[in-house]
Amino acid sequence: PEEYKKRRNKGRLKLFIGRLISALLGMALACVLVFFGTKDMFGALDDLSSNLIEIPNLVGSSINDVLGSKAITSNFTIKQSSRYDSEIGEGIIIEQSPDQGSFEQGKEISVVVSAGPKMITVPKLVDLTAEEASVSIKNLGLYCEKITQASDTVDEGKVIASFPDVGNSVPEGSTVKI
């Protein structure tokens, strides 16, 4: 038992000394990093912040104005896509990513540009039944208004004319009269 106690105490002493040396080395390393690394760390942050350029809010701007702006095109890459929008005119930016803020030079800015309202070409409706013409018009995203008119040359229940006429383009959601 006495020898067991000596070995156990020796083991505890070695463990204590190992932990003490590890703690001292860790503190020394922390001091070196704080003393020598602080200047480099803060210097790098200063360099990063000085390279940041403000991206303005582009939503509502004309894509032509944005692409003509040297302040934007010389500092950022513009990636554009388009989407139909019945409320916002063609060529106006309706979305932007990233939003306005400070970013590094060369950052890509994605913008969605309004293509204006989607235009639908009125199909040939003459000689179709009113029901066939109505379904055809509705399938295109248009509304149908039926007007009854007598004709000596066209069978009853068939379309004799459309307004707008075949081949004309109208904004999606417009009404075609048959």
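May I have the count of lysine pairs in the chain with C-alpha atoms under 18 Å apart, counting pairs 8 or more residues apart or located on different chains?
Count of close lysine pairs: 16.
Restricting to bridges with both residues inside region 76-178, how much of the DSSP beta-bridge set is antiparallel, in percent to the nearest 5?
45
Within region 101-137, whose backbone N sits under 15 Å from a point 7 Å along Cα→Cβ of T153?
Within reach of a label on T153: 126-128.
Only bridges whose two residues both fall in the chain count here: according to DSSP, what percent of them are antiparallel, nearest 5?
Close to 60 percent.
From Cα pairs below 8 angstrom and at least 6 apart in sequence, can you work out the relative contact order of the chain, rounded to a whole percent?
Over the chain, the number comes to 18 percent.
Expressed as an acute angle from 0 to 90° and rounded to the nearest 10, what is the orientation of the C-alpha long axis of helix 130-139 relative to the principal long axis of the chain?
20
Between D99 and S22, take the C-beta separation as r, use R0 = 35 Å, and let me know the FRET efficiency to the nearest 0.05.
0.15
Modelling each spin label as a point 7 Å along the Cα-to-Cβ direction, I'd like the T175/K107 distance in nm, to one decimal.
4.8
Among F103, F163, F76, which one moves the most in a GNM of the chain with springs linking Cα atoms closer than 10 Å?
F163
What's the angle, to the nearest 10 degrees (0 to 90), between helix 2-50's Cα axis and the longest principal axis of the chain?
50
Bear in mind these aren't lab numbers, they're just calculated from the coordinates by the rules spelled out. Please read all numbers here as calculations on a predicted model, not as lab measurements. Cβ coordinates were reconstructed from backbone atoms using ideal geometry, including for glycine residues, and neighbour counts include every protein chain displayed.
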